[in-house]
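The values are calculated or read from the model by the stated rules, or taken from the named source; none is laboratory data. Note that the structure is a prediction, hence the values are computed from the model and not measured. For neighbour counting, all protein chains shown are included, and Cβ atoms are generated from backbone atoms with ideal geometry for every residue, glycine included.
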Amino acid sequence: MGTDNIIFLEVIEWFDESGKELVHRIPEKGSGEIKFGAQLTVRESQAAIFFYQGKAYDIFGSGRHTLTTANIPILTKVLSLPWGFTSPLRAEVYFANMKIFPNLKWGTRDPVAFKDSRLGLIRLRAFGVFSIRIVQPVLFVNTLVGTQGVYTTEEIEEYLSQTIVSRFNDYLGGHLDTLVNLPGRYDAISAGLKNRLQEDFSHYGLGLSDLYINAITPPPEVQQAIDDKSRLGVFDDLNSLLKMKAAMAMEKAAETEGGAGTGLGMGLGFMMPPMFSDLLKKSDIECPDCRQPVPQDAKFCPSCGHQLIVFNRCSQCGKNLPPQAKFCSRCGKPTEQKPPARTCPHCGSENLPDSIFCNWCGEKI
């Protein structure tokens, strides 16, 4: 885009070469003197937010659009003499990448506490993958991107991972009593955790397309206790279990070659395709108020009239707010007021505002 020329109009467009950019600003160096009649081209997988004089002026869907500003070639340059021939009428365009960003990783940096009904307090590690997409471009730019010229998945992946880990601990505490019942429940836990996280992600204009749990691993001694517990159920008494373990130890010592692990990796190739088969499916767009389907380029719901473009959202109750609102029309709280972190009464550690179980001691807050 020729943002430094005096006469010619600009042709504004953007291509994501890396595949990791969520938002890209043009001009990259900051605001520019975008002229009256400049042409904006938006692709199918993009949305463009036009900022004029520091405020979100409009949002554009796919197609070619003509921008209307007060910058008129030559005349604007003459009138901007007091500012060193730099027009004070500044404008910029933020391109939002609306595609699905798959294969983002989440996991526990430090083990989280889980209070098991049978094994007591244990610490778990868990990891998996998730995919996101931007569903409210203006809200995303206003809450997370700010004035950054480029915003990539690498800058948000760690924060979203920490949010997933916190909600994961809450969900396990409320829906799982013991790790003995964990096998076979990964899909149910993933689905419940995804539903819980949708609200957290929506505060930033993001949608959680998919979430998968690859593994939940307790400490080695707890794994051994679970194995012993499952084996004990096959036998009548502890004496039989001890005899079996002694026989297994003797058999292992007598082996001269270990070939048991040669086929362990054969089935891995069959596990991954089902996990990612639906990542590229396009999510249906629905009204957040009445849940009726709406066209992708709609700005208002055709069924209930609800405004679909979110400029800001109340951090207390989640109500959509007008651009200049200072107080929420639903709960009356100031829009700048953020909910405080929730402190555990047992260990004093800080958790997310809506946390139910503490990440550090596992106790219910």
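Remarks
- The set of residues from the stretch 315-355 being among the hydroxyl-bearing types (Ser, Thr, Tyr) and in a loop (DSSP other than H, G, I, E, B) comprises Ser315, Ser329, Thr335, Ser349, Ser355.
- Restricting the stretch 180-197 to residues that are surrounded by 11 or more Cβ atoms within 10 Å (Cβ to Cβ) and of a type in the set (D, E, K, R), the residue that is farthest from Asn169 (Cα to Cα) is Arg185.
- Cβ-Cβ distances below 9 Å connect the following pairs, each with a first residue in the stretch 204-224 that is of a type in the set (A, V, I, L, M), a second residue that is part of a loop (DSSP other than H, G, I, E, B), and a separation of six or more residues or different chains: Leu206/Val135; Leu206/Gln136; Ile216/Leu182; Val222/Leu119.
- Qualifying positions in the stretch 15-56 - of a type in the set (S, T, N, Q), assigned to a strand (DSSP E or B) and farther than 15 Å from Phe140 by Cβ: Gln39, Thr41
- Of all residues making up the stretch 101-139, the number that are out of contact with any strand residue (DSSP E or B) (no Cβ under 9 Å at 6 or more places or on another chain) and either not assigned by TED's automatic domain parsing to the domain that holds Tyr204 or not aliphatic (A, V, I, L, M) (or both): 4
- Pairs linking a residue in the stretch 50-71 that is on the phi > 0 side of the Ramachandran plot to a residue that is among the β-branched types (Val, Ile, Thr) and surrounded by 14 or more Cβ atoms within 10 Å (Cβ to Cβ), with Cβ atoms under 7 Å and 6 or more positions apart or on different chains, are Gly63/Val42.
Yes/no per residue for (1) of a type in the set (Gly, Ala, Ser); (2) farther than 22 Å from Ala48 by Cβ:
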| position | (1), (2) |
| --- | --- |
| Gln292 | no, yes |
| Ala298 | yes, no |
| Ser303 | yes, yes |
| Phe311 | no, no |
| Gln316 | no, yes |
| Pro322 | no, no |
| Ser329 | yes, yes |
